[in-house]
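Input: a single structure, listed below in structure tokens.
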Amino acid sequence: MDIIAELAMDTSNPAVFVNAELLGRYVGRKVRAVIQVIRNDGTAVIGKSTDEKQMIVKGLPPSQLTTFVEVIGIADGQNSISADKWTNFGDNFDTFTYNKLCQLANGEYQHLFL
Amino acid sequence: MPVSLTPGAIAAIRGGDVDAKPLVQVVDVELIGRSAQERYRLLLSDAASSQHAMLATQLNGLVRSGRVRKGSVVQLIDYICSTVQNRRIIVVLNMETIIPDCEMIGNPKMYPETDTVAQKVPPNINSGNAQRFNNDNINGRNPVQNAQNFQSSVQPPHQANNMQNMQSFQPAVQPPYQPPPNYRNRGPIMKNEAPARIIPIAALNPYQGRWAIKARVTAKGDLRRYNNARGDGKVFSFDLLDSDGGEIRVTCFNAVVDRFYDIIEVGKVYLISKGSLKPAQKNFNHLKNEWEIFLEATSTVDVCPEEDASIPQQQFSFRPISDIETAENNSILDVIGVVVSVNPSVPILRKNGMETQRRILNLKDGSGRTVELTLWGDFCNREGQKLQEMIDSGFFPVLAVKAGKVSDFSGKSIGTISSTQLFINPDIPEACSLRSWFDFGGKDAASLSISREIMPGGSKNEIRKTVSQIKEEGLGRSDKPDWITVKATVSFIKTDTFCYTACPLMIGDRQCNKKVMRLGNTRWLCDRCNQEFEECDYRYLLQVQIQDHTGLTWVTAFQESGEEILGFSAKELFMLKEQDDERFAETVRSKLFYQFLFRLKIKEETYGDEQRVKITVVKADKANYSSESQYMLDLISKVSR
């Protein structure tokens, strides 16, 4: 017999889905973005956003980075994020769909997202 | 009266004049519904006399649409008059409505029936108008001018509206009136022994008096013997084609068969006369003619030795293969295409226990579609064998099919029937253009097959539905199965019987796959192949429950889709179950809750008294998240508008 444990989701500080264009709106707020890694120099990663613009992610990237990475952190500029969470998303990623998601999540369907 | 009918027209027609093209008025229209055929009988008048005339069925539309109705003034273009049982019967084959609606002209009296063929024209002058009309025409050679004079001289005020119509209308040629020949001094009419004139096949009908047709035999059926309540008999039929493109089937029974069977040869031209006309049997006769000729003891069939180039060898009405996709099941049609593949003959057991041969080949044409053609019986050994040899030697012949039957068993395909004819590389323009199309690129052109169970083309003709829509929209209830795509998750797999023991032997290019029976403990028997063997094959027959956000349903998955869902072959799983039941259960459980794009075939079937909707998984594809997302994005954009 399974015991169903209720996992409470922490909704106190949601991260907004952003691309380069939307990042500017949320400076100082917690954001999340998927970027394509262009260059990694140990302290920051230069990446390409899902809307094809340059983004800088500061922080401590993990040792192994796949082509696509999701970063969660505070937006600290028009095109930079100070990340504290890095997740490898592999080498195949549909950036077009993710970009659409960012637009919908910040547009007419904003109310569906925390 | 704004228009004048051809005076004496009725008498002229009765007298045998069928070239005058007179103007007459329809006094009455009657529907004669003796058989399933709709036939109209008109009462035609020339203002003085009236006579019944039968309307050829090809003109029925004129009555139905109201172009010809009571009061219509019409011009008879093509018509005949024959004697049937001592009465003169007029049949109208072609006519034109001059004035759809007109007041009754004159006061016509029904023509008295006598035995003699010709009559003197008795003008029945009762009304004042008719009188005036007749007076004007007494010396008349030019009724056209008279009509015009008439119009200008007589202008009855209540006819003003009709006048309007008259001014703008140009009457069709109204030939000069010629009085009918006067036979009063002759004796009783002798039977006319002169040869009947040749008429087009399209004009044949049961009311026709004496007729003769000259036509080429396009098909000769087999001699068939039968046995019914009335005893034994034999019958054979052949099809005719004349220079106007008319076609008709001719049938002979018993003694008549002996007279004509050896004379009739395909391709030769014959002069045929004195047969009886009866309604065609649409089940067997697929020619475009409502009648069929039955030859009798008195019929004559004379071969024409000189070649008649005006009569084509064959008549086809080809449809492009793409049309077959939407053609009705069991409909008969002609098709032409390049043979791109031929499969070997396989013996097939028919429902009546008889064995026959079957061959499948594929035809391709310029419409971007390929269709399967199934040859049955002798076609396999004759044309089928020849086509096989041609394909084997690297040549792709053109094949024309006359009277193939559309089947919707798996996709749409064509099959041969007894009256089908196959022509390899026929000498017709369609074949030549197909040949050049194929040789200059058509061979490699992309082509969709309309005959496979799995309809390729993917997203192009995919219909996406949710599980609940299957029930809501009553899918599968029409004659044809519904093919849809559903994105759903496997929520349960029935494990008590998930596969069956199948026959591994090959029949032609396909595996038999029939369920086999156990013999003793070690051997299996297949009753289709009639063979025993040690090892049988195991094939999936899965009952799976699938679910999406709208609901759940049970579906059946066969071998290929079963393997997709479970990831193991049926044999492997069967062995596993025998050895370790628990591990088996776990393995199956581990395959649950995976999402697939299921291509489903839905059809309602009758099980005893019940109607049950049967859903089969034709294909189970792991969802491609990228394209799925695109699909959903598209849906989202449609929602918000």
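The values are calculated or read from the model by the stated rules, or taken from the named source; none is laboratory data. Because the structure is predicted, anything quoted here is derived from the model rather than measured. Every residue, glycine as well, gets a Cβ built from its backbone with ideal geometry; the counts of neighbours run over all protein chains shown. Surface accessibility is based on the protein's heavy atoms, side chains included, excluding ligands, DNA and RNA. Shrake-Rupley method; radii C 1.70, N 1.55, O 1.52, S 1.80 Å.
Taking the stretch B:240-287 as the range and being in contact (Cβ under 8 Å) with a residue 60 or more places away in the chain and open to solvent by 10 Å² or more (accessible area, probe 1.4 Å) as the test, the residues that pass are B:243, B:245, B:247, B:271, B:273, B:274, B:276, B:277, B:278, B:279, B:284, B:286. Screening residue B:314 with (1) in contact with a Pro (Cβ under 8 Å, 6 or more places away or on another chain); (2) closer than 21 Å to residue B:509 by Cα; (3) not in a strand (DSSP E or B) gives one miss only, at (2). For the stretch B:460-498, residues that are out of contact with any Gly (no Cβ under 8 Å at 6 or more places or on another chain) and assigned to a strand (DSSP E or B) total 12. The residue of the stretch B:618-630 that is farthest from the other protein chains (Cβ to nearest Cβ), among those that are aliphatic (A, V, I, L, M) and within 12 Å of residue B:487 (Cα to Cα), is B:620.
The set of residues from the stretch B:59-77 being part of a strand (DSSP E or B) and either modelled with pLDDT under 90 or aliphatic (A, V, I, L, M) (or both) comprises B:73, B:74, B:76, B:77. The set of residues in the stretch B:262-306 being of a type outside the set (Ser, Thr, Tyr) and closer than 14 Å to residue B:198 by Cα consists of B:269, B:271, B:272, B:274, B:275, B:301, B:302, B:304. So, residue B:640, is that one within 13 Å of chain A (Cβ to nearest Cβ), open to solvent by less than 50 Å² (accessible area, probe 1.4 Å), out of contact with any Pro (no Cβ under 6 Å at 6 or more places or on another chain) and modelled with pLDDT of 80 or more or not? Criteria not met by residue B:640.
Among the residues of the stretch B:580-605, those that are more than 14 Å from residue B:487 (Cα to Cα) and open to solvent by 90 Å² or more (accessible area, probe 1.4 Å) comprise B:581, B:582, B:583, B:586, B:589. Total residues in the stretch A:3-44 satisfying the condition of being at pLDDT 85 or above, assigned to a loop (DSSP other than H, G, I, E, B), of a type in the set (Val, Ile, Thr) and open to solvent by 20 Å² or more (accessible area, probe 1.4 Å): the figure is 1.
Screening residue B:395 against (1) closer than 27 Å to residue B:283 by Cα; (2) open to solvent by 40 Å² or more (accessible area, probe 1.4 Å) leaves a single unmet condition, (1).
For the stretch B:360-380, a residue qualifies if it is basic (Lys, Arg) and either open to solvent by 20 Å² or more (accessible area, probe 1.4 Å) or free of Cβ contacts under 8 Å to residues at least 40 places away in the same chain (or both), and exactly one does: B:369. The residues of the stretch B:189-246 that are of a type in the set (A, V, I, L, M), more than 27 Å from the chain's Cα centre (by Cα), under 19 Å from residue B:294 (Cβ atoms) and modelled with pLDDT of 85 or more amount to a single one, B:212.
One residue stands out in the stretch A:103-114 among those that are within 12 Å of chain B (Cβ to nearest Cβ) and assigned to a helix (DSSP H, G or I): the one that is most open to solvent (accessible area, probe 1.4 Å), namely A:112. Looking at the stretch A:91-102 only, could you name the residues that are of a type outside the set (A, V, I, L, M, F, W, C) and either within 13 Å of chain B (Cβ to nearest Cβ) or closer than 14 Å to residue A:49 by Cβ (or both)? If the condition is that a residue be of a type outside the set (A, V, I, L, M, F, W, C) and either within 13 Å of chain B (Cβ to nearest Cβ) or closer than 14 Å to residue A:49 by Cβ (or both), then A:92, A:94, A:95, A:97, A:98, A:99, A:100 are the ones that fit.
Under the condition of being within 14 Å of chain B (Cβ to nearest Cβ) and more than 13 Å from residue A:49 (Cβ to Cβ), which residue from the stretch A:64-90 is modelled with the lowest pLDDT? By that ranking, first place goes to A:90.
If only residues of the stretch B:436-450 that are modelled with pLDDT of 75 or more and part of a loop (DSSP other than H, G, I, E, B) are counted, the one that is most open to solvent (accessible area, probe 1.4 Å) is B:440. Tell me which of these residue B:310 doesn't satisfy, since it passes every other one: (1) open to solvent by 20 Å² or more (accessible area, probe 1.4 Å); (2) more than 30 Å from residue B:271 (Cβ to Cβ); (3) among the small types (Gly, Ala, Ser); (4) touching a Ser or Thr at 6+ places or on another chain (Cβ under 7 Å). With (1) open to solvent by 20 Å² or more (accessible area, probe 1.4 Å); (2) more than 30 Å from residue B:271 (Cβ to Cβ); (3) among the small types (Gly, Ala, Ser); (4) touching a Ser or Thr at 6+ places or on another chain (Cβ under 7 Å) applied to residue B:310, the lone miss is (2). Looking across the stretch B:559-590, the residues that are more than 22 Å from residue B:516 (Cβ to Cβ) and not in a helix (DSSP H, G or I) come down to B:567, B:580.
Selection of the stretch B:524-558 for residues being open to solvent by 80 Å² or more (accessible area, probe 1.4 Å) and part of a strand (DSSP E or B) yields B:531, B:532, B:552, B:554. Selection of the stretch B:239-263 for residues being touching a Cys at 6+ places or on another chain (Cβ under 9 Å) and hydrophobic (A, V, I, L, M, F, W, C) yields only B:260.
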